[in-house]
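Student: Below is the structure I would like to discuss, written out as C-alpha cells.
The values are calculated or read from the model by the stated rules, or taken from the named source; none is laboratory data. Remember, predicted model here, so these are calculated numbers, not experimental data. Note that we place each Cβ from the backbone using ideal geometry, even for glycine, and neighbour counts take in every protein chain shown.
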Amino acid sequence: MNCKAPGCTREAGRYGRLCPMHIVRQRTHGHPQQSPVNRKELYPWLDAVRPVIDRNRHKDGIKIAEERWIELLKRCGNYAVHGDGKGHVNHAVRKACESLCALAQEANFEEVLETVAALLALQGFEPRRFESDAAFSVQLARSLRRLGTTSVGSYYDRNTGKMRGVYRKYPRHASLYLARLVIEAIGGAAMCISKAVLSDWERTARLNGQYLASLVEIG
Ligand SMILES: [Zn+2]
C-alpha cells in the first residue's frame, strides 16, 4: 500500500498509512505535508511586529500579557519540580514546562511575544502555510524553543560551517502543550499585534494604490 500523503509513491509502513519519511514529518512538524517555518522565513514577520510592539509597549494589554507570562513560568517551574502536587507527573507536560523555563533563561518576554505575533501574522497573511492547527502549534513551539537553544543543544555543522539547532525527537504532545500554554497566556496580545501589522500593510497598500491611480491623471 502506498503512503497516503499526496504525491508520495513510497510504500506505507506495515501498520500505518504513511511512509517512514512522512511519519517523521508528522511527528516533527505536526502534519505529514507541513514544511518547517525556519528562522529566515520568520525574519520579515519579526521586523513587521517589532514597531507595533514598540508603539504599544506602555499599554496595559502588553503589560498584563507580560505578567501572565511570568505567572506561566512560575507554574511551569513548579510543575517541572513537583508535578501536579498530587504525585502525578505527565511526561509531555513536564517536557513543555522545562522547555519554557529553559527558553526564559535566554529570551525575554518581548522576544517571546514577537515570535508568537510573527507566526500569527504569517498565518493571517498566508493561512495555507500551515496544514492544520496542530501544524501551526508545532511550528510555534519549534520557533519558541529555538529562542532558548542559542547555546544549549546546538552543534557545529561541518558541511555548512554554521551552527545548527538540535530539534530531534521532541515529543509532539509536548509541542502541542507548550503552544497551548503560551497561547493561553499571551495569545490575545500577540493576536492584536499581528492584526495591527496586517492592517498597517493594508493601509499602505491602499495609499500606494491611490497614489498610482492619481499618477494616471498627470498628463
Ligand atoms: Zn510518504
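The rows are residues; the columns are (1) buried (at least 18 other Cβ atoms within 10 Å of the Cβ); (2) touching a residue at least 12 places away in the same chain (Cβ under 8 Å).
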residue	(1), (2)
Leu103	yes, yes
Leu113	yes, yes
Glu126	no, no
Arg129	no, yes
Ser132	no, yes
Ala135	yes, yes
Gln139	yes, yes
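Student: Going through Arg39, Arg25, Arg68 one at a time, which residue ends up being out of contact with any Cys (no Cβ under 7 Å at 6 or more places or on another chain) and assigned by TED's automatic domain parsing to the domain that holds Cys3? Talk me through it step by step, then tell me what you get.
Tutor: Details: Arg39 fails: assigned by TED's automatic domain parsing to the domain that holds Cys3; Arg68 fails: assigned by TED's automatic domain parsing to the domain that holds Cys3.
Result: Arg25 is the single residue among Arg39, Arg25, Arg68 that is out of contact with any Cys (no Cβ under 7 Å at 6 or more places or on another chain) and assigned by TED's automatic domain parsing to the domain that holds Cys3.
Student: For the stretch 107-134, give me each residue that is closer than 17 Å to Glu41 by Cβ and assigned to a loop (DSSP other than H, G, I, E, B).
Tutor: Glu126, Phe130, Glu131, listed by residue number.
Student: Can you name the condition, by its number, that Lys169 falls short on among (1) within 15 Å of the chain's Cα centre (by Cα); (2) modelled with pLDDT under 85?
Tutor: With (1) within 15 Å of the chain's Cα centre (by Cα); (2) modelled with pLDDT under 85 applied to Lys169, the lone miss is (1).
Student: Would you kindly identify the helices (runs of 4 or more DSSP H) lying entirely within the stretch 1-104 that contain at least 3 residues that are within 16 Å of the ligand (Cβ to nearest atom) and over 17 Å from Leu144 (Cβ atoms)? Break it down stepwise before answering.
Tutor: Working: elements: 20-29, 39-56, 60-82.
It comes to 20-29.
Student: Same structure again: Of the residues Glu66, Glu41, Glu11, Glu71, which single one is without any contact (Cβ under 8 Å) to a residue 40 or more places away in the chain and among the acidic types (Asp, Glu)?
Tutor: Details: Glu66 fails: without any contact (Cβ under 8 Å) to a residue 40 or more places away in the chain; Glu41 fails: without any contact (Cβ under 8 Å) to a residue 40 or more places away in the chain; Glu71 fails: without any contact (Cβ under 8 Å) to a residue 40 or more places away in the chain.
The conditions single out Glu11.
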